[in-house]
Amino acid sequence: MAGTISSFAQSEDAVVANKESKQQAKVTGLRYLCVHVLDLERSMKLYREILGFKLSEAEVLHGPGLEGMLVMKLKTDDLTIGLSVTAPEFMHTIGPVGNTNHNHFMLKVNDIKTIGDKLKEEGYALENENYARDKYTFFVGPNGEIIGLSSWD
């Protein structure tokens, strides 16, 4: 009987340790927000003059679906907002307002592999299948929201 109790206690400890391991993979903060710009002048006035963000850098992206897109990174304290402007020759690719394919928010996570694997198990399609190596991915949430996950340092 004592052997049975000891065996049960070890099994229970293993279950608790396994639960704790899964609970450790979590969101640790907000990395940034990205807003697709439809009106550059009004957007810059809002974010810089009214909300107090400062332009920290600007970058032109390259690649499929991103070619020529200008992303301006605005910062205040520990929050970065990216304002993205589609290149004029690709304006026709922008979806309806509210679903422009570049509006998203990026969450900082401490274990992207565990969280990415769990999302796939739950049926979510991940934009970047190499999320463990690349340390980021995107997926569409249940309400149509585009959510990014990043474990970048």
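The values are calculated or read from the model by the stated rules, or taken from the named source; none is laboratory data. Predicted model only: the values in this text are computed from it and were never measured. A quick note on method: Cβ atoms are made from the backbone with ideal geometry, for glycine too, and the neighbour counts reach across all protein chains shown. SASA here: full protein model, heavy atoms, side chains in, ligands and nucleic acids out. Shrake-Rupley method; radii C 1.70, N 1.55, O 1.52, S 1.80 Å.
Below are the figures for this structure:
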| quantity | calculated |
| --- | --- |
| Under 23 Å from K26, Cα to Cα: lysines that are on another chain or at least 8 residues apart | K108, K113, K118, K120, K135 |
| Y32 long-range amide H proximity, modeled H, under 5 Å | M106 |
| Amide proton proximity set for D111, modelled H, under 5 Å, gap of 5+ | K26 |
| All-pairs Cα distance distribution in region 20-153, expressed in whole percent, bin size 10 Å | 11, 38, 35, 14, 2, 0 |
| Solvent exposure ordering (accessible area, 1.4 Å, most first) of S150, S56, S43 | S56, S43, S150 |
| Rough spin-label spacing in nm, given labels placed 7 Å along Cα→Cβ, for E57 and R133 | 2.4 |
| Ordering of 109-121, 27-39 by packing [mean C-beta count within 10 Å, highest first] | 109-121, 27-39 |
| With all protein chains modelled, accessible area of F105 [1.4 Å, Å²] | 70 |
| Solvent exposure ordering (accessible area, 1.4 Å, most first) of I94, I50 | I50, I94 |
| Karplus 3J(HN,Hα) series, Hz, for region 145-153 with 6.51 cos²θ - 1.76 cosθ + 1.60 (x for Gly, Pro) | 6, 9, 10, x, 10, 9, 10, 4, 6 |
